[in-house]
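Scroll down for the structure; my scribbles are underneath it.
The values are calculated or read from the model by the stated rules, or taken from the named source; none is laboratory data. All values derive from a computational prediction rather than experimental measurement. In this analysis, Cβ positions are derived from the backbone assuming ideal geometry, glycine residues included, and neighbour counts consider all displayed protein chains. When the accessible area is computed, the model is the full protein with side chains, heavy atoms only, and any ligands, DNA or RNA have been set aside. Shrake-Rupley method; radii C 1.70, N 1.55, O 1.52, S 1.80 Å.
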Amino acid sequence: QVTLTESGPALVKPTQTLTLTCTLSGFSLSSYGMRVSWIRQPPGKALEWLARIDWDDDKYYSTSLKTRLNISKDTSKNQVVLTMTNMDPVDTATYFCTRDLLRYSIIDYWGQGKVVTVSS
Amino acid sequence: DIQMTQSPSSLSASVGDRVTITCRASQSISRFLSWYQQKPGKAPNLLIYATSHLQSGVPSRFTGSESGADFTLTISSLQPEDSATYYCQQSYSTPYTFGQGTKLEI
C-alpha cells in the first residue's frame, strides 16, 4: 500500500525557511522510475507544481521559485525533504507530496497535504 | 513554461447529464496529459493519464480524448458524487503545469 505523509511546521514567519518532510511507504525512491514531486495549493486557488526528485537524484524546479527551493532525499529513511527560503504570506498554502512515475510520467498517489501559514 | 488553458472555469449540470471540460496546451505535449478530481479539503485524485488511460478504480463514465491541441475530459451520465473541481496537468516536461480548474456543480 503506497502512502506519502507530509510533516513540518504549520506556521512560519515571513523571511524564515520552511522545511517539509515527506515520508514514503509502500515504495522506494531508490527503485528505477520512481520520482517524488511537491505541489502546493493556496487557499481557493489552483495547483502549482514546485519540484521533483528522481530515483537517480536528478532534480527539477519551478521556474519562478527555483532560487528559493531545494529538494533532497534520504533513501535510508525513505524520506524526501523540501526547503523553501524567504517565506512570504503569499506562500500560505497546502503543500502536497506526491509519487510521480517515469512510466507515462504520471502522479498517481498524493499525501493528505500539509497546511502551512506564513504570518508574523 | 508550457501554459495550460482550461475551460470552462465553472459549470452546472444535472444528474444524468454529459459534460465536457477542455484543456489546451501552449505547445505540443505529446499525450502527457492527466486529469484530476479534487473535492473540498482533500488531495486530488487521478482520473485519467496519458490523455485517455483510465486510472484503476475510476468509473468508466470518465473518459479522456485529444483533438489537435485540445484535450477533453468527458463525464457521461453525471452522478451526485461527481461534484468537484477538475484539473488538467501536463507532464511532458518540467516544470509541470496545471490548468486553472473547473468547478462542477451538480
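Can you pull out every residue in the stretch A:1-18 that is aliphatic (A, V, I, L, M) and within 22 Å of A:THR98 (Cβ to Cβ)?
Restricting attention to the stretch A:1-18, the residues satisfying the condition of being aliphatic (A, V, I, L, M) are A:2, A:4, A:10-12, A:18.
Scanning the stretch A:1-18 gives A:VAL2, A:LEU4, A:ALA10, A:VAL12, A:LEU18.
Just checking, which of B:TYR96, B:TYR86 is more than 19 Å from B:VAL19 (Cβ to Cβ) and buried (at least 22 other Cβ atoms within 10 Å of the Cβ)?
On the way: B:TYR86 fails: more than 19 Å from B:VAL19 (Cβ to Cβ).
The unique qualifying residue is B:TYR96.
How many residues does the stretch B:1-24 contain that are within 20 Å of A:GLU48 (Cα to Cα) and within 13 Å of the chain's Cα centre (by Cα)? If you could, list the steps in order and put the result at the bottom.
Start the filter on the stretch B:1-24 by keeping residues that are within 20 Å of A:GLU48 (Cα to Cα), which leaves B:1-10, B:21-24.
Next, only the ones that are within 13 Å of the chain's Cα centre (by Cα) stay: B:4-10, B:21-24.
Residues that pass the stated criteria total 11.
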How many residues are polar (S, T, N, Q), in a loop (DSSP other than H, G, I, E, B) and within 9 Å of chain A (Cβ to nearest Cβ) when one looks only at the stretch B:71-92?
1
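Open to solvent by 40 Å² or more (accessible area, probe 1.4 Å), closer than 24 Å to A:TYR60 by Cβ, within 13 Å of chain A (Cβ to nearest Cβ) and in contact (Cβ under 8 Å) with a residue 12 or more places away in the chain: is that true of B:SER30 in this structure? Lay out the reasoning, then the answer.
Details: open to solvent by 40 Å² or more (accessible area, probe 1.4 Å): yes; closer than 24 Å to A:TYR60 by Cβ: yes; within 13 Å of chain A (Cβ to nearest Cβ): yes; in contact (Cβ under 8 Å) with a residue 12 or more places away in the chain: yes.
So B:SER30 fits the description; yes.
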Test set (1) more than 10 Å from chain A (Cβ to nearest Cβ); (2) farther than 17 Å from A:LYS45 by Cα; (3) under 15 Å from the mean Cα position of the chain (by Cα) - B:HIS53 fails condition number:
(1)
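Take the residues of the stretch A:25-68 that are among the basic types (Lys, Arg) and not in a strand (DSSP E or B): which is surrounded by the fewest Cβ atoms within 10 Å (Cβ to Cβ)? Break it down stepwise before answering.
Initial filter on the stretch A:25-68 (among the basic types (Lys, Arg)): A:35, A:40, A:45, A:52, A:59, A:66, A:68.
Now restrict to residues that are not in a strand (DSSP E or B): A:45, A:66, A:68.
On the way: A:LYS45: 11, A:LYS66: 14, A:ARG68: 18.
The qualifying residue surrounded by the fewest Cβ atoms within 10 Å (Cβ to Cβ) is A:LYS45.
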Out of the residues in the stretch B:60-70 that are on the phi < 0 side of the Ramachandran plot and assigned to a loop (DSSP other than H, G, I, E, B), which is surrounded by the fewest Cβ atoms within 10 Å (Cβ to Cβ)?
B:SER60
Evaluate the stretch B:35-43: report whether one residue or more is touching a Leu at 6+ places or on another chain (Cβ under 7 Å), within 12 Å of another protein chain (Cβ to nearest Cβ) and open to solvent by 10 Å² or more (accessible area, probe 1.4 Å).
yes
Say we look at the stretch A:82-104 and pick out the residues that are more than 14 Å from every other protein chain (Cβ to nearest Cβ) and open to solvent by 40 Å² or more (accessible area, probe 1.4 Å); which of these is nearest to A:GLN41 (Cα to Cα)?
A:VAL90
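Which count do you get for residues in the stretch A:4-22 that are touching a Lys or Arg at 6+ places or on another chain (Cβ under 8 Å) and either buried (at least 16 other Cβ atoms within 10 Å of the Cβ) or more than 21 Å from B:LYS42 (Cβ to Cβ) (or both)?
Of the residues in the stretch A:4-22, the ones touching a Lys or Arg at 6+ places or on another chain (Cβ under 8 Å) are A:4, A:6-8, A:10, A:20.
Then drop every residue that is not either buried (at least 16 other Cβ atoms within 10 Å of the Cβ) or more than 21 Å from B:LYS42 (Cβ to Cβ) (or both), which leaves A:4, A:6, A:8, A:20.
Selection size over the stretch A:4-22: 4.
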